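What follows is a single structure, written as structure tokens, with notes after it.
Here, each number is a calculation from the coordinates, and none is a lab measurement. None of the values given here were measured: they were computed from a predicted structure. Cβ sites come from the backbone with ideal geometry, for glycine too, and all protein chains shown count toward neighbours.
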Amino acid sequence: MDTIIDKIRNSADNSTNTDKKIQDFSLANFNSIPFYTLADFASEVGTSTTSVIRFCKARGYQGFSDFQKEVQEEVIHQISLPEKMAKSLDKIKQAKILDTTIENDIDSINRTIKSLPEETVVTTLSHLKSAERIYIIGLRESFSLAHYLYSRLSTILSKAHLLNGFGGLYPEEINAIEQNDLCVVFLFPRYTKATIDILRVIQSRNIPVVLVTSHNYAQLKEYATVILPCYVMGTVFKNTYAAPIALII
């Protein structure tokens with residue numbers, strides 16, 4: 001029985017360029033599909049809602065909602081981390097784990113650098129320079145990245161501040177941020193609801209945000225002024241943060 005990935009990849013000989021665009025976007029942003037409306041999905045692909053519906057029906061679905069529901073179920077039931085680790089380790093010879101991991105990290109850094117437009121870097125540096133204060137935010141695993149950036153910036157800029165949320169003080173800390181400040185936010189899959197909520201509050205107050213996130217960031221575009229996308233796919237069962245660390249350095 002075909003999986004939903006197989007269905008998305010299914011392309012007849014007479015498939016159109018539009019079908020190929022929808023296919024490529026769906027595969028590249030698979031985990032993000034449940035967050036889209038039909039109109040938003042079509043807009044991101046650069047096609048019409050009619051074309052998206054036609055694409056879904058050609059793969060056995062009644063429409064986009066039916067397609068979206070199966071994607072959501074697949075995302076929810078993805079294998080657990082222990083299972084993923086066991087499957088990955090089976091594919092990598094024990095003696096080669098270190099070599100494979102380092103090669104993957106180097107590849108992640110190279111792909112991130114090549115995909116990052118120079119104008120995005122220039123814009124980010126401009127925001128860092130002009131901001132009255134710089135607030136750095138990262139929850140859970142991303143906190144280590146936020147702390148590392150803070151430790152680097154604070155040696156040269158007294159205006160850098162790390163939001164740590166100790167004692168549940170995030171609301172009070174966020175209330176201190178003003179429109180002439182800048183927020184640098186680290187957010188990687190699996191996205192934490194708390195970080196999304198913080199981004200919504202910051203956005204509602206028209207405070208500029210530099211968002212450091214994964215390269216599949218379509219559903220996060222509305223929350224950021226500038227996005228620095230990074231390749232973070234690890235070799236075993238967790239993300240690799242070699243690329244965002246390289247950006248910080």
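Using 1/(1 + (r/R0)^6) with R0 = 51 angstrom and r between the beta carbons of Arg111 and Ala176, what's the FRET efficiency to the nearest 0.05?
0.90
Based on the Cβ-Cβ distance from Asn10 to Arg205, what FRET efficiency comes out when R0 is 41 Å, to the nearest 0.05?
Numbers: r = 46 Å, r/R0 = 1.11.
Calculated value: 0.35.
Of the listed peptides 153-161, 180-188, what is their order by residue-averaged count of other C-beta atoms within 10 Å, with the highest listed first?
My ranking of the peptides, most packed first, is 180-188, 153-161.
Provide the gained length on full extension for the span Glu118 to Glu222, in nm with one decimal, where the gain is 0.36 nm per separating residue minus the Cα-Cα distance.
Computed gain between Glu118 and Glu222 is 35.3 nm.
With labels modelled as points extended 7 Å from the Cα through the Cβ direction, what inter-label distance (nm, one decimal) is found for Ala246 paired with Leu128?
Distance between label points: 1.6 nm.
Tell me, what is the FRET efficiency for Ile196 and Asp99 to the nearest 0.05, using R0 = 41 angstrom and their Cβ-Cβ distance as r?
According to the calculation, E is roughly 0.65.
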